[in-house]
Amino acid sequence: MTPEMVMTMAHDAMYVAMLVAAPLLLVSLVVGLLVSLFQAATQINETTLTFIPKLIAIALTLVLIGPWMLQTLLDYMHRMFASIPAVAG
């Protein structure tokens with residue numbers, strides 16, 4: 001196993017992790033921002049108000065984008081398992 005192979009595998013792992021986590025993080029960010037703007041406009045200072053909308057938004061995102069996320073992870077795992085002979089020998 002060469003250092004280039006290790007770096008390529010690490011790069012691919014970080015890229016797939018970023019690709020899978022990005023939709024959930026972006027949805028959470030947008031919903032949190034909208035709820036914060038709503039709280040600032042109405043002067044409601046309830047700390048638990050952001051939890052339920054984020055939870056619902058992330059659940060909907062998982063339902064809509066979950067199959068794509070799973071397929072991305074499966075493709076990555078297939079590539080990793082297929083590269084075992086090249087790495088081992």
For region 75-89, Karplus couplings with θ = phi - 60° (6.51, -1.76, 1.60), whole Hz, Gly/Pro x: 4, 5, 5, 4, 5, 5, 5, 6, 8, 4, x, 5, 6, 6, x
Between 0 and 90°, nearest 10: helix 3-42 axis offset from the chain longest Cα axis: 10 degrees
Projected label distance in nm at Ile58 and Ala41, using a 7 Å step from Cα toward the beta-carbon: 2.5 nm
Label-point separation in nm, Val6 to Val30, each point 7 Å along Cα→Cβ: 4.0 nm
Per-residue HN-Hα couplings for region 58-63 [Karplus 6.51, -1.76, 1.60; θ = phi - 60°; Hz; x = Gly/Pro]: 5, 5, 5, 5, 5, 5
Cα centroid of region 69-84 to Cα centroid of region 1-57, whole Å: 23 Å
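Every number in this text was worked out from the coordinates using simple rules, so none of it is lab data. Since the model is a prediction, treat every value here as computed from it, not as a measurement. All Cβ positions, glycine included, derive from the backbone under ideal geometry; neighbour counts span all protein chains shown.
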